[in-house]
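Here is the structure we will look at.
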Amino acid sequence: MKKETLKRIYNEIKKFDIIYLVRHIGPDPDAVASEVALRDSILYTFPNKKVFALGTGVAKFKYIGKLDKVNSFDYENSLVITLDVPNISRIDGMDLKKFKNVIKIDHHPFVEKFSDIEYIDEKTCSTCEVLLDLVNNTRLKINEGIATNLLVGIISDSNRFLFNPCDDKILIKVADLVKKFKLNLQKIYASIYSRPISEVRLMGYIGSNLKVTKNKFAYIILDNDIVSSFNADVSSASNMVNDFNNIEDFIVWMFVTKDIKNDIFKVNIRSRGPIINEVASNYNGGGHKFSSGARVKTMDELDNLINDLDILCREYNKDIEK
């Protein structure tokens with residue numbers, strides 16, 4: 001059934017001359033790499049098509065590739081493919097409801113249906129892994145550059161294969177990709193994980209100022225002025241949440257930054273046990289069981305989220321002690 005859906009997606013791609021690719025707001029490397037890789041794969045396979053990877057660019061991810069800008073959309077005669085986004089409200093770059101033809105490709109737990117064709121594989125570690133399955137089961141072509149971006153998404157979203165779901169299947173897929181295109185793993189890892197000393201110093205500040213409750217819940221609310229004082233940007237600060245995965249003193253941890261433009265708090269949450277996406281879904285968010293995000297408007301909402309996550313940790317600890 002999955003292979004049939006992948007082939008159906010390929011046939012839809014083949015059918016349309018204009019294709020728009022979009023992902024979620026506040027993108028991570030998997031979101032950007034998936035749309036750039038799919039755009040380049042479609043153009044490599046069908047050079048005469050017009051394919052656009054859309055959304056707000058992030059300077060930190062410029063090594064992945066340039067995004068496109070579109071002044072006007074063809075709502076009736078084009079295809080939109082959404083990548084790495086489970087709900088319509090989090091799509092960046094367009095009003096999806098205006099489009100007639102939409103496909104969803106994702107690896108997050110299902111939130112809502114908003115397209116005729118939806119391919120969701122929660123057993124994959126990233127949307128780039130889903131796209132690798134798409135390539136491996138259809139006539140879409142890839143080259144070294146496309147393969148590199150697929151690997152960027154896979155490595156970053158799995159946090160170097162530390163996060164579930166990661167098993168022998170993804171390692172075999174990656175090994176085949178590296179072997180076929182002779183990919184330079186050291187160079188790819190350097191692109192993803194190299195950082196300026198300013199960010200390392202900010203990490204030190206975060207480590208020194210994390211609040212840790214008796215229930216093993218840790219959090220920090222990062223003031224934008226503090227982040228700027230380290231010559232770092234807010235998006236970099238929020239993405240540092242993955243760097244605190246191996247600290248034994250807490251089991252759930254949360255980084256909060258302020259999105260000044262939209263006047264909201266952007267929340268990144270990670271876990272090594274308690275299931276957090278159900279809590280995040282109550283605060284305009286969601287995601288995976290152990291890796292989620294949320295967006296809240298007020299300090300009162302943020303206080304409630306902190307309290308809910310602390311209670312979640314408390315109940316989890318009780319179950320472990322039984």
From the list LYS62, LYS100, LYS113, LYS104, which one is of a type in the set (Lys, Arg) and more than 20 Å from the chain's Cα centre (by Cα)?
-> LYS100
So which of ASN215, ASN184 ends up being in contact with a helix residue (DSSP H, G or I) (Cβ under 6 Å, 6 or more places away or on another chain) and not basic (Lys, Arg)?
-> ASN215
Which numbered condition trips up ASN239, out of (1) assigned to a helix (DSSP H, G or I); (2) modelled with pLDDT under 90; (3) more than 21 Å from PHE61 (Cα to Cα); (4) of a type outside the set (D, E, K, R)?
-> (3)
Residue among ALA280, ALA294 that alone is within 17 Å of the chain's Cα centre (by Cα), assigned to a helix (DSSP H, G or I) and buried (at least 23 other Cβ atoms within 10 Å of the Cβ) = ALA280
Kindly indicate whether any position in segment 142-149 is farther than 18 Å from TYR63 by Cβ and either part of a helix (DSSP H, G or I) or hydroxyl-bearing (Ser, Thr, Tyr) (or both).
-> no
Residues located in segment 168-217, provided they are crowded, with 17+ Cβ neighbours inside 10 Å and touching a strand residue (DSSP E or B) at 6+ places or on another chain (Cβ under 8 Å) | ILE206, LEU210, LYS216, PHE217
Does segment 46-56 contain any residue that is of a type in the set (Ser, Thr, Tyr) and part of a strand (DSSP E or B)?
-> no
Residue check, ALA31 out of contact with any Leu (no Cβ under 9 Å at 6 or more places or on another chain) and touching a residue at least 60 places away in the same chain (Cβ under 8 Å) | no
Would it be correct to say that PRO47 is crowded, with 18+ Cβ neighbours inside 10 Å and either in contact (Cβ under 8 Å) with a residue 12 or more places away in the chain or out of contact with any Phe, Trp or Tyr (no Cβ under 7 Å at 6 or more places or on another chain) (or both)?
-> no
Inter-residue pairs, beta-carbon under 7 Å, first more than 17 Å from GLY26 (Cα to Cα) and without any contact (Cβ under 8 Å) to a residue 60 or more places away in the chain and in segment 276-290, second crowded, with 21+ Cβ neighbours inside 10 Å and of a type in the set (Ser, Thr, Tyr), 6+ apart = ILE276/SER292
Test for LEU21: is it at pLDDT 95 or above, in contact with a Ser or Thr (Cβ under 9 Å, 6 or more places away or on another chain) and outside any helix (DSSP H, G or I) = yes
Determine whether ASP249 is surrounded by fewer than 17 Cβ atoms within 10 Å (Cβ to Cβ) and modelled with pLDDT of 95 or more.
-> yes
Out of LEU302, LEU309, report the one residue that is under 21 Å from ASN245 (Cα atoms), in contact (Cβ under 8 Å) with a residue 12 or more places away in the chain and assigned to a helix (DSSP H, G or I).
-> LEU309
Only residues that are free of Cβ contacts under 8 Å to residues at least 40 places away in the same chain, of a type in the set (A, V, I, L, M, F, W, C) and part of a helix (DSSP H, G or I): list them for segment 155-185, please.
-> ILE155, LEU171, ILE172, VAL174, ALA175, VAL178, PHE181, LEU185
Which of the residues belonging to segment 87-135 are at pLDDT 95 or above and in a helix (DSSP H, G or I)?
-> THR127, CYS128, GLU129, VAL130, LEU131, LEU132, ASP133, LEU134, VAL135
Scanning segment 109-133 for residues that are closer than 24 Å to TYR189 by Cα and either of a type outside the set (Lys, Arg) or in contact (Cβ under 8 Å) with a residue 60 or more places away in the chain (or both) gives THR124, CYS125, SER126, THR127, CYS128, GLU129, VAL130, LEU131, LEU132, ASP133
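Rundown of residues vs (1) of a type outside the set (Phe, Trp, Tyr); (2) over 20 Å from VAL85 (Cβ atoms), yes/no style:
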position: VAL212; (1), (2): yes, yes
position: LYS216; (1), (2): yes, yes
position: ILE264; (1), (2): yes, no
position: ASN268; (1), (2): yes, no
position: TYR283; (1), (2): no, no
position: VAL296; (1), (2): yes, no
position: MET299; (1), (2): yes, yes
position: LEU305; (1), (2): yes, yes
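The values are calculated or read from the model by the stated rules, or taken from the named source; none is laboratory data. If you're wondering where the values come from, they're calculated on a predicted model, not measured in any experiment. Backbone-built Cβ (ideal geometry, glycine too); neighbour counts: all protein chains shown.
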